[in-house]
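Quick notes on the structure that follows.
The values are calculated or read from the model by the stated rules, or taken from the named source; none is laboratory data. Predicted model, so just to flag it, every value in this text is computed and none were measured. So basically every Cβ, Gly included, is an ideal-geometry build from the backbone, and we count neighbours across all protein chains shown.
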Amino acid sequence: DKAAETARLAELARLKEEQEKALAMQREERKRAYDALPQQPQFFVGLELFAGAPSPTFTFANNLNDVYANASDFTTNKNSTPKLTGMAMFGAQANVEYFFGKNAHIGIGTGFQFQNIRGTITKDSFDVTFKANDNFGNTYKKHIFTTSQLQLSETFSATQFSIPLLLKLKGNFTKKIGYQLEGGLNMVLGMSGKATSAANNKFDDEATYHYNLGSGYAYSATNNPKSDWDITQDQVVKTQTSIANAPAYFAALKAEGFDVGLGQAAQKPNNSFTFKGTVGFILHPMLTYKDNDNMVLSLGLLLMSNNAMDNKFDTQTYELTQKVGEYNTMMSSIDKLKISTTAITLGIKYAIK
């Protein structure tokens, strides 16, 4: 009946009111408990040192056959792709962190990162024949190849600077031992360095002048033993019976202004290289040790991967060598360079209250 329905509704209203009062009391208790918690440090500055092994991936814009005029004899067995080996990296990073709330579990951070990257770039051999111009206004066929077909090798050292933009999560296993996980973007500002050629990076520069009746010496893709002037080691053997005479013969012609020589090392090397900036990614889990309320030590694993960096040098025009004594570092032949790195980190940071 109507009276019973009224009583039922009144009871429901009473129960709802009691439930709301209980929830309000729970919220108030949680607030008092949260207010009673000590404020955890929120703002930190720190320094990390790290070292690891980079893994490079790279591409080339051209094969050198496209660059040298009328190039021939440029075969893969004589002109292998350069390889990057033995790479190592060490660096340092200054950090600034801010964590939100009293518990300070979630935060953001940035800083400034420095890396020094070292390694070796090698090429099994080099051999090319092409159309060249001499110091006397003539065109001729030039043959350049590594002395004794030895491997070309350079060691290099490069510096890279970047700015990390990170999200951070931290917590505690015990009162002193905890964890921190961070990840985000790494704004790579660029990488530049210098290479040093190995002592056995030497080249033999030979020449063939084709004689045209009435117009003098000029370039020809074909050989004519009757009219060609061959400044080659093979020709020395044919005409002077011994290869031992070749160094003096080549040296004499070089002194006269001809661009020839045997076992010629780089006298005017271009060993500098620069790669443009890019965006990379960072993942950095670590264990932390809280020495006191203000200082935290860390040991972590740093995983970094950059998008490909473009070479600042115009690789479409790259030539390893053109004239006697000239040499361009093989690092300048790399069109795009991508580096992924795994490193161990040691860090220390201080809370700023």
Enumeration of residues in segment 100-133 that are of a type in the set (A, V, I, L, M, F, W, C) and either buried (at least 20 other Cβ atoms within 10 Å of the Cβ) or on the phi > 0 side of the Ramachandran plot (or both): 104, 117, 121, 126, 128, 130, 132
Candidate set: segment 291-307, residues that are assigned to a loop (DSSP other than H, G, I, E, B) and not acidic (Asp, Glu); chosen: the one surrounded by the fewest Cβ atoms within 10 Å (Cβ to Cβ): 292
Pairs where the first residue, in segment 272-290, is in a loop (DSSP other than H, G, I, E, B) and the second is crowded, with 21+ Cβ neighbours inside 10 Å and of a type outside the set (Val, Ile, Thr), C-beta under 8 Å, 6+ apart: 276/309; 276/311; 277/309
Segment 225-252, subset small (Gly, Ala, Ser) and more than 18 Å from residue 209 (Cα to Cα), residue modelled with the lowest pLDDT: 242
Residues within segment 186-226 that are of a type in the set (Ser, Thr, Tyr), farther than 30 Å from residue 337 by Cα and touching a residue at least 40 places away in the same chain (Cβ under 8 Å), tallied: 5
In segment 251-263, the residues that are closer than 23 Å to residue 136 by Cα and touching a helix residue (DSSP H, G or I) at 6+ places or on another chain (Cβ under 8 Å): 260, 261, 262
Positions within segment 308-353 being in a strand (DSSP E or B), closer than 30 Å to residue 98 by Cβ and among the basic types (Lys, Arg), in sequence order: 349
Which listed residue, of 319, 256, is among the acidic types (Asp, Glu) and over 22 Å from the mean Cα position of the chain (by Cα): 256
Subset of segment 229-252 (residues that are of a type in the set (Val, Ile, Thr) and in a helix (DSSP H, G or I)): 236, 237, 239, 243
Some residue of segment 253-265 being charged (D, E, K, R) and assigned to a strand (DSSP E or B): no
Segment 86-121, residues that are in a strand (DSSP E or B) and either charged (D, E, K, R) or at pLDDT below 90 (or both): 97, 118
Strands (runs of 3 or more DSSP E) within segment 143-222 that include 3 or more residues of a type in the set (Ser, Thr, Tyr) and either surrounded by fewer than 17 Cβ atoms within 10 Å (Cβ to Cβ) or at pLDDT 95 or above (or both): 152-172, 177-197
Looking only at segment 92-104, and only at residues there that are in contact with a strand residue (DSSP E or B) (Cβ under 6 Å, 6 or more places away or on another chain) and in contact (Cβ under 8 Å) with a residue 60 or more places away in the chain, the one that is farthest from residue 273 (Cα to Cα): 99
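Residue-by-condition table, conditions (1) at pLDDT 85 or above; (2) in a loop (DSSP other than H, G, I, E, B); (3) surrounded by 10 or more Cβ atoms within 10 Å (Cβ to Cβ):
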{"position": "4", "(1), (2), (3)": "no, no, no"}
{"position": "30", "(1), (2), (3)": "no, no, yes"}
{"position": "33", "(1), (2), (3)": "no, no, no"}
{"position": "40", "(1), (2), (3)": "no, yes, yes"}
{"position": "58", "(1), (2), (3)": "yes, no, yes"}
